Each structure stands twice: as C-alpha cells, then as structure tokens.
Amino acid sequence: MASLTFDHIKKTYGAQSAAVKDFHLDVKDEELLVLVGPSGCGKSTTLRMIAGLESISEGKLYIDGDAVNDLPPKDRDIAMVFQNYALYPHMTVFDNMAFGLKLRKLPKKEIAERVRTAADILEIGHLLKRKPKALSGGQRQRVALGRSIVREPKVFLMDEPLSNLDAKLRVTMRAEISKLHQRLKATIVYVTHDQTEAMTMGDRIVVMNEGDIQQAASPHEIYHYPANLFVAGFIGSPSMNFIKGAIEEGHGQWYFAGSSVRLPIPKEKAAVLVQKGYSGKEMIAGLRPEHLTLAGQSEHPPEAVCRAVAEVCENLGAEMYVHAVSGDDRMTIRLDGASQVKPGDAILLAVNMNRAVFFDVDTENAVY
Ligand code: ADP
C-alpha cells in the first residue's frame, strides 16, 4: 500500500475558472480518505488526476514519495472502482475478475489464486461461473470491487461506487467497504456527494466546494467543530440551524440575542468570543437539530430556552423532525419518535448552548 501527497495541485480546463484550485494534502498509508462535496466541486477531477486520467495543470502529485505527474495511468499501480461497474457481459465473473491479470500475463495459477482469494473476501466464491446478467446489483458491485482487489494495487480510487444501488443495499455495501478496508489495510480515496457515506466510512473527510478544500479532518471534528458555515451546513442531516444575533452583555453574563431569543453563552465560549473582538458584534450561531429539545413543563425551566411554533412534523419512527418558526428564524428540531408535537403547537425548547458554534458574519469562519 502507499501514501499520497498532493503538493498544491491545480486543474484548469481551458479558459474556465479552476475546477480544483489548490489541493494540498497528505493521504497516509492505509487511510480511507473521503472527498465529499456538492456536484461540480472538483471531487472526480481530483480522483482522475490521481489515476492519471486527467493531466495536472500545476503542482506535484507523489505516490509513496515518487512524483507521478508524467507517469501514464497503467504505470501508477492504482485501481479504480466506478459507479458504473462496467463488467464485460459475455464473460463469467471469474473472467471479469481475471481479465486485467491475463492482460498483464500473470501465470494462470497465480491468477486463479488471486481471484479465489478476492472472491472469498467478498463472499462471491459461489458466483464465479455466472455471467453478470445473472447477478443482483450488489453482487455486480462486489465483482467490480473484486476486479480491483485482484490487482493488489498501491491505492484504490472509488468514484461514487454505491450510487447505482438502492438505499438498503447502499447501507450494506457501505459497511462491506469499511470491512474490506480494515481487512486489506488499503489506502483508499473515496468520492461521494453523500455526507452520510462520508461520515460513516472515512478515517478522514475532505469537504470540498468550488474547487477548494473547505476542511480536512476526522468525521468527529468535521461534525462537532466545522471550520465554516459551508461545512457546518453540508455535513449533518437534517442540517445545522443558523440563527443571526448579537453578542451582548448584561449583569456579568454574555448573551446571544437574536430576533426572538436571548440565549446565555457558556463562560468559556463567551471568553473566546470577547477575546477575539466579537462583543457587541453580529454573529451567526449554529445549533444542530439534536441540540434543541423540548423544555417540558418543569418548574425550573432551563436557562437557555427558545419559544417556537411547530409547522411540519416528520415522524421517522425512531425520531421526529419538527420544522418550527421562532421570530424571524426557522429551525429544525430532532426529537424522539414518540414525541407528541403536532403542527401548530407552541413549543418551548431547551437549547444546549455548550454545543453552539459561532460564525463570523463576514468570513463565515467558525470561531473557537
Ligand atoms: P464533482 O466530481 O465534484 O461533481 P468534477 O470534478 O466532475 O466535480 O467537476 C469540477 C468542475 O470541472 C465542474 O465545474 C465541471 O463542469 C468541470 N469539468 C469537469 N470535467 C471537465 C472537462 N472534461 N472539461 C471541462 N470542464 C470539466
């Protein structure tokens, strides 16, 4: 397996603005790195530059310390798995998996061994004699994975490999690829637009937008400490709520004062905001749907509360998403599925201000 180094890589197509602007990152040996972002943000272009299918306009790409900018795809020792698995319809599963190895003229015995091992890992040993048309979507995707595993490449590149599968199968295959990663100890770069895939599979996530890396960090850090408004809004479903307000002081306590809320800010957070010059300034507070809960009817309501009116209640069984309005603000609240909230209900919400993230209005960067 191998490490990858992107040294300020840029890709421009003709006179267009750059598809990838300044990609600078190390991928560690055995790491599963997920590139995630909206359509057109430059994920596939980045992957295709690693594969050698696109030229690199500026910067250097290293695989295991060797510059590969000018190395043709076939010499890069990389295997790619696509959304469209493109199996040869007239060949058996065995032949599909063996095809690349036969081209490389490996001895028959070794080919058979490698196919057998990969088929065992993917639990498709009983399907080796079948043709692709006699396979389910999930089985075909396993064959496509198998075809890349038998090559024992330095790096696996996966471009939305699960997008063609139905929702349930996607969840299963997601776990399968994670298992595969652990078993092969492979370096994998995985592209997806699906933030759930990114969160569940990645050792590290690179969130991209408009050709730029917005943040590269662990799933935990990306979710709990997003670098900016874009990352905060893109990762997490339902999305983080954003409320505008001002940082104000009253009687020795700092508050976040919005159109309909006055929320006390925990001491340590307030100290950071004040120290960084935000006292009296407008900011955006980000609150995840699970950081708002029903305050109940307790005699001692929590300090940080928000009054809202429920507009739409989506019950998913295990949980309920309540879309509510509070003054000028709209917010989504994640409640237990057994909650009794109905559209039109006035609700009192307890706000977990310890988890609030504050963003600069101009730079849109989070302030920690
Ligand atoms: P993603 O994979 O994140 O959806 P892409 O990497 O495919 O995004 O595309 C990034 C940008 O580069 C887009 O604006 C896209 O239109 C442009 N682009 C991609 N491939 C080409 C190409 N072959 N020629 C011109 N522009 C391209």
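The values are calculated or read from the model by the stated rules, or taken from the named source; none is laboratory data. From a predicted model like this one, the values you see are computed outputs, not experimental measurements. Using ideal geometry, Cβ is built from the backbone for each residue, glycine included, and neighbour counts are taken over all protein chains shown. With ligands, DNA and RNA removed, areas are computed over all heavy atoms of the protein, side chains included. Shrake-Rupley method; radii C 1.70, N 1.55, O 1.52, S 1.80 Å.
Structure notes:
- Alpha-carbon centroid distance for the pair the stretch 229-253 / the stretch 307-331, whole angstrom: 17 Å
- Local electrostatic count at ASP159 - Lys and Arg +1, Asp and Glu -1, tallied over other residues with Cβ under 9 Å: +1
- The length gained by stretching the chain between GLU290 and SER239 to full extension, at 0.36 nm per residue less their Cα-Cα distance, is 17.3 nm.
- Difference of contour (0.36 nm per residue) and Cα-Cα distance, THR363 to ASP22: 120.9 nm
- Estimated vicinal HN-Hα couplings, Hz - the stretch 84-98 in sequence order (Karplus 6.51, -1.76, 1.60; Gly, Pro = x): 8, 6, 6, 7, 6, x, 8, 9, 6, 4, 4, 5, 4, 6, 7
- Label zone at GLU303 (point 7 Å along Cα-to-Cβ), backbone N below 13 Å, the stretch 259-282: 263-271
- Here the stretch 140-177 is scanned for amide nitrogen atoms under 19 Å from the site 7 Å beyond the Cα of GLU113 along Cα-to-Cβ, giving 147-154.
- Cβ-Cβ FRET estimate between TYR62 and LEU103, R0 fixed at 35 Å, reported to 0.05: 0.85
- The stretch 105-191, accessible area per residue, ligands and nucleic acids excluded (1.4 Å, Å²): 49 Å²
- Cα centroid separation - the stretch 157-216 against the stretch 5-34, whole Å: 17 Å
- Contour excess over end-to-end distance, with Cα ends at ARG262 and LEU71 and 0.36 nm allotted per residue: 62.8 nm
- Taking label positions 7 Å along the Cα-Cβ direction at both ALA338 and GLN182, the computed distance is 3.2 nm, reported to one decimal.
- Accessible surface of the stretch 241-367 [probe 1.4 Å, protein heavy atoms]: carbon and sulfur percent: 48 percent
- A crude spin-label estimate for the pair TYR225 and ASP328, with each label 7 Å from Cα along the Cβ direction, gives 3.2 nm.
- Whole-Hz couplings from phi, Karplus 6.51/-1.76/1.60, listed for the stretch 198-214; x for Gly and Pro: 4, 5, 7, 9, x, 5, 9, 10, 10, 8, 10, 8, 6, x, 10, 6, 8
- Label-point separation in nm, ASP120 to ALA318, each point 7 Å along Cα→Cβ: 3.4 nm
- Proximal lysines relative to LYS105, as straight alpha-carbon distance under 29 Å, when same-chain residues fewer than 8 apart are discounted: LYS74, LYS129, LYS131, LYS133, LYS154, LYS185
- Partners of LYS281 within straight-line reach, counting lysines whose Cα lies under 30 Å from its Cα and excluding those fewer than 8 residues away in the same chain: LYS244, LYS267, LYS269.
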